[in-house]
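Here the structure is laid out as structure tokens; the discussion comes afterwards.
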Amino acid sequence: MSLPDRRMILATFIHNSGAHPGGWRYPGAASVDQHDFQHYARIAQTAERGKMHVYFSGDSQGYPHISGKDAFSATDYAGKLEPTTLLAALATVTRHIGLVATASTTYNEPYAIARRFASIDHISGGRAGWNVVTSASDSEARNFGRDLNMDHDARYARAEEFVDVVRNLWDSWEDGAVIRDQASARYFDPARVHQLDHQGQHFKVAGPLNIGRPPQGHPIIVQAGGSGPGRDLAARTADMIFTAANSLDAAKTFYTDMKQRAADFGRDPAKLLVIPSVQLMVRATEAEAKRADAELLDLVPEALALRTLQLQLGTDLSTCSPNDRLPDIALTNGGQWVQQQIIKMARDEDLTIGQLARRVVVSRASFSRSGTPEQIADLLENWFREGGADGFSLSPNYLPGGLEDFVDQVIPILQKRGLFRTDYEGATLRENLGLEKPANAFVADPTLGREPTIWA
Ligand SMILES: Cc1cc2nc3c(=O)[nH]c(=O)nc-3n(C[C@H](O)[C@H](O)[C@H](O)COP(=O)(O)O)c2cc1C
């Protein structure tokens, strides 16, 4: 077989002790204290052993729903290390893998976020990435001075401006602005440091940032919302989009749409990487894989499944029976893409609420499959070749075994087929993803900003 001219991107999306809510109880899983840094260090090193591109830590700044705390007490959702802090620590125990964390544009300020990811990029030698999310839940709003979440479209309008300000802050110091000329007492060249004086609808930010330009120029920008405004934000600003697609058809439709949107913004579509999430169970035989899947699902209480479904749909189903079909559901102010995918799945497959809840509690709207290493490799190859994905983000069901099985049994097959690299090619995450370092906006456009007056 001839080598394909493109290779897969592989990320791993790490939830505390596994993405599956039964994962922490699975007999093959280590008993994980999700506050224990050594657990994450081991995971990141395993992913790096597999030459994976990205270790991804998602985030939300609130507990799912305090009214559902009985049901959620069956999960390990509570108790989570703040992800940018975790990435900074992981940078010191890894050398190659990209380190991506979620940070919300709704409940943060651009200066603080620009500074934090610039710091991780420096600490890691150019391996940082920021997953831009707009925060879907009221439970986050209530921790930041609001009763309800900001409206969906308003969140995205703020996110658009937020990302622009962050990128300009990263550019506020040109590459090489720090000259450390002892003889002339010039630590930096003031002509190469720029003030933004940004005044927009949402933010007023003078700049410059108080840290030099990140080694990658800009840490990688990832986006994970799939609504219209979410897709546009990604198409204009992101290097990578994480998505949930539960069939090859859905993945292809999404992929084609994202590449078109990127082109509409005047970008090279190949530079916006479309990465669906997958949850996989790998075993020596198909029967064993199916059995392991069923064992995991048995560990999830029904009340948790029903609560999770309601959370993802943004709707109260307490008056329905698990044997009912889904009623009509209004568009949520939370995550709209995932909500619409779940509703479609219920209608297409004529599922009861109980059946749907058992699907959704496992993988939300993402693709979930069990099989032998060859079957899993076939599946990934098919999605990749058929135009459904530039690569995949594996959410291991349980840890560390779920990741180890993939790294030790599936990746070697992908490598043998020429679909995945056998070593890191570059030093930075951008280089390893085949993405260029962005030009500095202040160098490209000298009318932008001005020399800082803050020291005057
Ligand atoms: C793979 C994947 C990862 C995601 N990670 C996060 C996360 O870490 N934090 C978060 O608040 N939302 C996360 N989201 C959800 C979306 O970013 C979220 O629903 C967004 O707020 C709005 O989505 P929408 O554009 O579909 O309405 C993730 C979604 C996907 C598909």
(message) Could you check segment 170-199 and list, in sequence order, the residues that are within 22 Å of residue 221 (Cβ to Cβ), outside any strand (DSSP E or B) and open to solvent by 40 Å² or more (accessible area, probe 1.4 Å)?
(response) 175
(request) Please go through segment 222-277 and pick out each residue that is more than 18 Å from residue 438 (Cα to Cα), charged (D, E, K, R) and either within 16 Å of the ligand (Cβ to nearest atom) or in contact with a Cys (Cβ under 7 Å, 6 or more places away or on another chain) (or both). (result) 231, 232, 257, 261
(message) Quick check on my filter: what residues within segment 92-103 are open to solvent by 30 Å² or more (accessible area, probe 1.4 Å) and either touching an Asp or Glu at 6+ places or on another chain (Cβ under 6 Å) or within 12 Å of the ligand (Cβ to nearest atom) (or both)?
(response) 96
(request) List the number of the failed condition for residue 289; all other conditions in (1) within 30 Å of residue 24 (Cβ to Cβ); (2) open to solvent by 40 Å² or more (accessible area, probe 1.4 Å); (3) touching a residue at least 12 places away in the same chain (Cβ under 8 Å) hold. (result) (2)
(request) State yes or no: is residue 44 open to solvent by 10 Å² or more (accessible area, probe 1.4 Å) and in contact with a Leu (Cβ under 6 Å, 6 or more places away or on another chain)? (result) no
(request) Out of 89, 136, 141, report the one residue that is among the hydrophobic types (A, V, I, L, M, F, W, C), farther than 21 Å from residue 217 by Cα, open to solvent by 10 Å² or more (accessible area, probe 1.4 Å) and modelled with pLDDT under 95. (result) 136
(request) Read through the list (1) within 16 Å of the ligand (Cβ to nearest atom); (2) open to solvent by 30 Å² or more (accessible area, probe 1.4 Å), then give the number of the only condition that residue 163 fails. (result) (2)
(message) Among the residues of segment 121-144, what is the count of those that are under 22 Å from residue 433 (Cβ atoms), within 16 Å of the ligand (Cβ to nearest atom) and not polar (S, T, N, Q)?
(response) 5
(request) May I ask you to verify whether residue 262 is touching a Lys or Arg at 6+ places or on another chain (Cβ under 9 Å) and surrounded by 22 or more Cβ atoms within 10 Å (Cβ to Cβ)? (result) yes
(request) Please go through segment 51-85 and pick out each residue that is buried (at least 21 other Cβ atoms within 10 Å of the Cβ), more than 15 Å from the ligand (Cβ to nearest atom) and within 19 Å of the chain's Cα centre (by Cα). (result) 52
(request) Could you run through segment 364-381 and say how many residues are farther than 25 Å from residue 346 by Cα and open to solvent by 30 Å² or more (accessible area, probe 1.4 Å)? (result) 3
(message) Every residue in segment 349-382 that is within 16 Å of the ligand (Cβ to nearest atom), on the phi > 0 side of the Ramachandran plot and free of Cβ contacts under 8 Å to residues at least 40 places away in the same chain, please.
(response) none
(message) Given the criteria near the ligand (Cβ under 10 Å from one of its atoms), open to solvent by less than 20 Å² (accessible area, probe 1.4 Å) and touching a residue at least 60 places away in the same chain (Cβ under 8 Å), does residue 106 qualify?
(response) no
(request) Scan segment 148-186 for residues that are out of contact with any Lys or Arg (no Cβ under 6 Å at 6 or more places or on another chain), touching a residue at least 12 places away in the same chain (Cβ under 8 Å) and small (Gly, Ala, Ser) and jot them down. (result) 157, 159, 172, 176
(request) Take the residues in segment 324-339 that are part of a loop (DSSP other than H, G, I, E, B) and open to solvent by less than 40 Å² (accessible area, probe 1.4 Å), then tell me which one is nearest to the ligand (Cβ to nearest atom). (result) 335
(message) When you scan segment 314-323, do you find a residue that is surrounded by fewer than 16 Cβ atoms within 10 Å (Cβ to Cβ), away from the ligand (no atom under 14 Å from the Cβ), in a loop (DSSP other than H, G, I, E, B) and in contact (Cβ under 8 Å) with a residue 24 or more places away in the chain, even just one?
(response) yes
(message) With the requirement that a residue be touching a strand residue (DSSP E or B) at 6+ places or on another chain (Cβ under 7 Å), part of a helix (DSSP H, G or I), within 14 Å of residue 215 (Cβ to Cβ) and of a type outside the set (Phe, Trp, Tyr), what does segment 89-134 give you?
(response) 91, 120, 121, 124
(message) Being farther than 27 Å from residue 219 by Cα and exposed (fewer than 15 other Cβ atoms within 10 Å of the Cβ) is the filter here; which residues of segment 144-160 pass it?
(response) 145, 146, 147, 148, 151
(request) Would you mention how many residues in segment 209-233 are open to solvent by 10 Å² or more (accessible area, probe 1.4 Å), assigned to a loop (DSSP other than H, G, I, E, B) and not small (Gly, Ala, Ser)? (result) 5
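The values are calculated or read from the model by the stated rules, or taken from the named source; none is laboratory data. Just so we're clear, the structure is a prediction, and the values are computed from it rather than from any experiment. Neighbour counts run over all protein chains shown; Cβ positions are idealised from the backbone, glycine included. Heavy atoms of the whole protein, side chains included, go into the accessibility calculation; ligands, DNA and RNA do not. Shrake-Rupley method; radii C 1.70, N 1.55, O 1.52, S 1.80 Å.
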